[in-house]
Amino acid sequence: MRPRYIIGALVGLLIAKFYWSWFMFDVPLGYDPGIYRYLFLRYADALSTFSLPSLPLWAGEHPPGLFVFGALLMKMGLSVDALIGWVWNIVPVFLACVLAWGTAKRKGSAIGIIVLGCALISQAYFDGFFAMYWKVYASLIFVCLTFYFAEKFSPWFLLTALITVTIHHQTGLIMAMSLGTWWLLQFRAQWKNPLYRVYTIGICVIAILGFLIYLPHFERMFWSPLKSIFLLRGDNAPSGAFPDLKFYLTTMFIVFSFGIIGFARSFRKERGTLWQLAVISCAIFIIFKLVFYKRFFLHLDFFLMPFAAEAVYWTWNKYAQNLQRVLIVTIIGVQVIVSVQTMLIREPRITADQFTFISTLDSVIPQGSTVLTMDNVTAPWLLGWMPLHHIGAPGLFDYPEKTYEQWEKFIYGSANDRTDFLSSIDEDIYLYTSPIFFTHYGDQAKIIIADPCLEQLGRYPIFHFTCTP
């Protein structure tokens, strides 16, 4: 079979896999589609005045790169819902193609084609899509380009590295660790090369620009995470919302095995490559359980894919007998079955009815009002589809400025406690009671909505605060 037919088939299967949810569900996937929608809208509004938006602290922590690009697309006529819909669905397919292209340039077309197969059956790669890690996938595109251009000593790597930093700070950190280490390893051989000196200055400039981009949020973006790396490790470190290593060792044992074999074998021919260093950088966060270490499973899986493809290619050629190859195909077939089964159990975090209702609330509740909810699953959806309102929930969006203890008193305290809590907020206040709220709080939820100061808005699960201090 000709290579282009194999490529076409694999790309077609990738499209089918990542558009499966688009056809199956009427709800965007992920933890944060509402947060992405909110930020895309805010940046698009600001772009009308050729400025950056004025954002709350939590929103300002998100690097601007992706949202500026999204705002430009929106000004060209693309809707915000397309950005978190069909556009998002194609991004993992495009990233897999970029990775396969870069691998083919380094290792040959056969191994590049196998990379497409690895992306197709990788569970971590699908889970990152399922969680809507928009910034991660977008930044990884530019990491691939940065590594490709850097290895060729092309000046374009300076631009793609800068773009990576402006899109996602964690991916930018992995790139910086890998590129910085690789650059230092080139010192002895390349210092007399005038391009090396110029590019070294360029890398320093990128580092300074990246620092300036995040400077307005220095405490939360630099100092707190830096302290956390040293002070919060192991079980004390926040792990991040992503399945644990045991899950991936169970569902991706075959892919990971090929990746580790390929990674180990790569040291026979080369040492200190950008791709080897990227794997090591990700492994450091996972092995030592540094801050948000679970999120780096996606990066580790991604950077191992070329090595896994190389191992598959080596195994196929080494064991050329028919029975041996049947065994190889069977092993990979088992991985395919496990990947499909795991994919099919992934569902949106809210139902289509809840999503439809939330998407209409913007016209029901007066703009500028405060809308509170007691669960952190629903809150991001309210934020995304009610961008002109003030959305609050325990521990989210820095609004209202209440501690967990104050929220607990509001939920479990007396009617007077709730009145004091709500009276301290200046805006008109509405309480959204989601199904998750009733499931989680049980009888206490019924006590809260029976509060005489809360008046139900028609038949909606929304309660208006009507009392005065």
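The values are calculated or read from the model by the stated rules, or taken from the named source; none is laboratory data. The model shown is predicted, which means the values in this text are computed figures rather than measured ones. So basically every Cβ, Gly included, is an ideal-geometry build from the backbone, and we count neighbours across all protein chains shown.
Only one of the numbered conditions (1) under 20 Å from residue 163 (Cα atoms); (2) acidic (Asp, Glu); (3) out of contact with any helix residue (DSSP H, G or I) (no Cβ under 7 Å at 6 or more places or on another chain) is violated by residue 61, and that is (3). Being over 14 Å from the mean Cα position of the chain (by Cα) and part of a loop (DSSP other than H, G, I, E, B) is the filter; apply it to the range 62-77 and report the residue that is nearest to residue 142 (Cα to Cα). Once the filter is applied, the top-ranked residue is 64.
Taking the stated definitions as given, is residue 213 at pLDDT below 75, in contact with a Leu (Cβ under 8 Å, 6 or more places away or on another chain), surrounded by 11 or more Cβ atoms within 10 Å (Cβ to Cβ) and part of a helix (DSSP H, G or I)?
Numbers: at pLDDT below 75: yes; in contact with a Leu (Cβ under 8 Å, 6 or more places away or on another chain): no; surrounded by 11 or more Cβ atoms within 10 Å (Cβ to Cβ): yes; part of a helix (DSSP H, G or I): yes.
No.
For the range 359-370, check the following and say yes or no: at least one residue is assigned to a helix (DSSP H, G or I), assigned by TED's automatic domain parsing to the domain that holds residue 444 and among the aliphatic types (A, V, I, L, M). Outline the logic, then answer.
If we filter the range 359-370 for residues that are assigned to a helix (DSSP H, G or I), which is where we start, we get 359-363.
With the extra rule that they be assigned by TED's automatic domain parsing to the domain that holds residue 444, the set shrinks to 359-363.
Next cut, among the aliphatic types (A, V, I, L, M) only: 361.
Yes, because at least one residue in the range 359-370 is assigned to a helix (DSSP H, G or I), assigned by TED's automatic domain parsing to the domain that holds residue 444 and among the aliphatic types (A, V, I, L, M).
Here the condition is being under 22 Å from residue 30 (Cα atoms) and either in contact (Cβ under 8 Å) with a residue 40 or more places away in the chain or in contact with a Lys or Arg (Cβ under 7 Å, 6 or more places away or on another chain) (or both); of 439, 373, it holds for 373 alone. Candidates are the residues of the range 12-42 that are over 30 Å from residue 75 (Cβ atoms) and either hydrophobic (A, V, I, L, M, F, W, C) or assigned to a loop (DSSP other than H, G, I, E, B) (or both); the one that is modelled with the lowest pLDDT is 24. Being of a type outside the set (Phe, Trp, Tyr) and either free of Cβ contacts under 8 Å to residues at least 24 places away in the same chain or over 23 Å from residue 396 (Cβ atoms) (or both) is a property that residue 55 has.
Conditions tested, residue by residue: (1) in contact with a His (Cβ under 7 Å, 6 or more places away or on another chain); (2) among the β-branched types (Val, Ile, Thr).
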site	(1), (2)
38	no, no
43	no, no
53	no, no
61	yes, no
68	no, yes
74	no, no
77	no, no
80	no, yes
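Filter the range 146-156 down to residues that are among the hydrophobic types (A, V, I, L, M, F, W, C) and buried (at least 21 other Cβ atoms within 10 Å of the Cβ) and give me whichever is nearest to residue 39 (Cα to Cα). Reasoning before the result, please.
Narrowing the range 146-156 to residues among the hydrophobic types (A, V, I, L, M, F, W, C): 147, 149-150, 153, 156.
Still in the running and buried (at least 21 other Cβ atoms within 10 Å of the Cβ): 147, 150.
Details: 147: 29, 150: 32 Å.
So the residue we want is 147.
Residues are listed down the side, and each one gets a yes or a no for (1) within 15 Å of residue 175 (Cα to Cα); (2) out of contact with any Pro (no Cβ under 8 Å at 6 or more places or on another chain):
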position	(1), (2)
257	no, yes
262	no, no
267	no, yes
273	yes, yes
278	yes, yes
285	yes, yes
288	no, yes
292	no, no
299	yes, yes
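Taking the condition under 29 Å from residue 344 (Cβ atoms) and surrounded by 16 or more Cβ atoms within 10 Å (Cβ to Cβ), does residue 15 pass? When the stated conditions are applied, residue 15 does not pass them. Taking the range 164-202 as the range and being of a type in the set (Phe, Trp, Tyr), part of a helix (DSSP H, G or I) and either over 15 Å from residue 281 (Cα atoms) or in contact (Cβ under 8 Å) with a residue 60 or more places away in the chain (or both) as the test, the residues that pass are 182, 187, 196, 199.
Where in the range 268-348 are there helices (runs of 4 or more DSSP H), lying wholly inside it, with at least 1 residues that are surrounded by 22 or more Cβ atoms within 10 Å (Cβ to Cβ), of a type in the set (Asp, Glu) and over 23 Å from the mean Cα position of the chain (by Cα)? I'd like the intermediate steps shown before the answer.
On the way: elements: 274-287, 296-318, 322-344.
It comes to 296-318.
The single condition among (1) crowded, with 17+ Cβ neighbours inside 10 Å; (2) in contact with a His (Cβ under 8 Å, 6 or more places away or on another chain); (3) of a type in the set (A, V, I, L, M, F, W, C) that residue 407 does not satisfy is (2).
Scoring residue 55 on the criteria (1) assigned to a helix (DSSP H, G or I); (2) within 26 Å of residue 165 (Cβ to Cβ) leaves a single failure, condition (1).
Quick one: which strands (runs of 3 or more DSSP E) lie wholly within the range 377-469 and hold at least 3 residues that are under 28 Å from residue 38 (Cβ atoms) and under 28 Å from the mean Cα position of the chain (by Cα)?
Working: elements: 390-392, 429-432, 454-456, 462-465.
By residue number, 390-392.
Among the candidates 226, 249, 232, 184, the residue that is at pLDDT below 85, loosely packed, with under 12 Cβ neighbours inside 10 Å and either under 22 Å from the mean Cα position of the chain (by Cα) or not assigned by TED's automatic domain parsing to the domain that holds residue 376 (or both) is uniquely 226.
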